[in-house]
Amino acid sequence: MKMRYRPFGICPSSIEFELEGNTLKNVSFAGGCSGNLKAISMMLEGKDADEVVAMFNGHTCGRKPTSCVDQLAKAIRMAQNQQAEGAK
């Protein structure tokens, strides 16, 4: 399942990834801190989605109430919910 998420409260304008079962593939951020987000994307390739959500959910950036990785966790959870709905 391919997912494109429009985050709020962060620099990137979109987050894209694929969810194969519960495995993350091809994570990418449009905009934001390019070097850091490319590194995070590479580190997440092939990781278990539940582990990533547990690790990143609720992280903030400075005084912002969210962060790039928190928004990614929200996008993953949304994709998992859509995947579960489609399986019904």
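The values are calculated or read from the model by the stated rules, or taken from the named source; none is laboratory data. Predicted, not measured: the structure shown is a model, and the values here were computed from it. Here the Cβ positions follow ideal geometry from the backbone for every residue, glycine too, while neighbour counts run over all protein chains shown. What goes into the accessible areas is simple: the full protein's heavy atoms, side chains included, and nothing from ligands, DNA or RNA. Shrake-Rupley method; radii C 1.70, N 1.55, O 1.52, S 1.80 Å.
Criterion applied to 47, 38 was being under 18 Å from residue 13 (Cβ atoms), open to solvent by 80 Å² or more (accessible area, probe 1.4 Å) and modelled with pLDDT of 95 or more, and the one residue passing it is 38. Taken over segment 50-80, the criterion of being among the small types (Gly, Ala, Ser), within 17 Å of residue 10 (Cβ to Cβ), open to solvent by less than 70 Å² (accessible area, probe 1.4 Å) and out of contact with any His (no Cβ under 7 Å at 6 or more places or on another chain) is satisfied by 58, 73, 75. For segment 40-53, the set of residues classified as touching a residue at least 24 places away in the same chain (Cβ under 8 Å) and charged (D, E, K, R) consists of 47, 48, 50, listed by residue number. Of everything in segment 18-56, what is at positive phi and in contact with a helix residue (DSSP H, G or I) (Cβ under 7 Å, 6 or more places away or on another chain)? Give them in sequence order. Selection gives 32 alone.
Yes/no matrix, rows are residues, columns are (1) assigned to a loop (DSSP other than H, G, I, E, B); (2) in contact (Cβ under 8 Å) with a residue 40 or more places away in the chain:
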residue: 9; (1), (2): yes, yes
residue: 16; (1), (2): no, no
residue: 24; (1), (2): no, yes
residue: 28; (1), (2): no, no
residue: 38; (1), (2): no, no
residue: 55; (1), (2): no, no
residue: 59; (1), (2): yes, no
residue: 63; (1), (2): yes, no
residue: 82; (1), (2): no, yes
